[in-house]
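K.L.:
Sharing a structure, written as structure tokens. Questions coming.
Throughout, read-outs are computed from the coordinates displayed, never taken from laboratory work. Quick caveat, the model's predicted, so the values are computed rather than measured. Here the Cβ positions follow ideal geometry from the backbone for every residue, glycine too, while neighbour counts run over all protein chains shown.
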Amino acid sequence: MGGKCADDAIQQESWTFLKKRLKELGLADRDGGVLRSKADCLRICMQGPIALVYPEGIWYQRATPANLERIIQQHLIGGRPVTDLAIAREPLGQRR
Ligand code: FES
């Protein structure tokens, strides 16, 4: 794939962690309320891996396993975005 925002191995490590952790916490898929999908490139191509959380539309940089744990605990469970990792906010339905 050759991602420009993060090494492929780092991206794969984050993806594997995210899948595993959401499942462990009972958050995965329709039963847990968190659906996930993997994109090859979001055209930011810097400070990745990049993670998006919708419907709030928060774009996160440096989505390493440690930072994904923070995003899961604070944002997905706690409902509060992790501001020091957020690089953009674009909620669904607000773009014209
Ligand atoms: S390679 Fe990650 S956003 Fe483009």
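K.L.:
Need the failing condition index for His75 against (1) within 16 Å of the ligand (Cβ to nearest atom); (2) within 11 Å of the chain's Cα centre (by Cα), just the number.
P.N.:
Failed condition: (1).
K.L.:
Moving on to the next point. Please determine, by comparing only the residues of segment 1-48 that are among the basic types (Lys, Arg) and within 8 Å of the ligand (Cβ to nearest atom), which one is farthest from Ile87 (Cα to Cα). Quick ask: steps written out before the conclusion?
P.N.:
Filtering segment 1-48 for residues among the basic types (Lys, Arg) gives 4, 19-21, 23, 30, 36, 38, 43.
Narrowing the set further to residues that are within 8 Å of the ligand (Cβ to nearest atom) leaves 4, 43.
Numbers: Lys4: 17, Arg43: 14 Å.
Out of the qualifying residues, it is Lys4.
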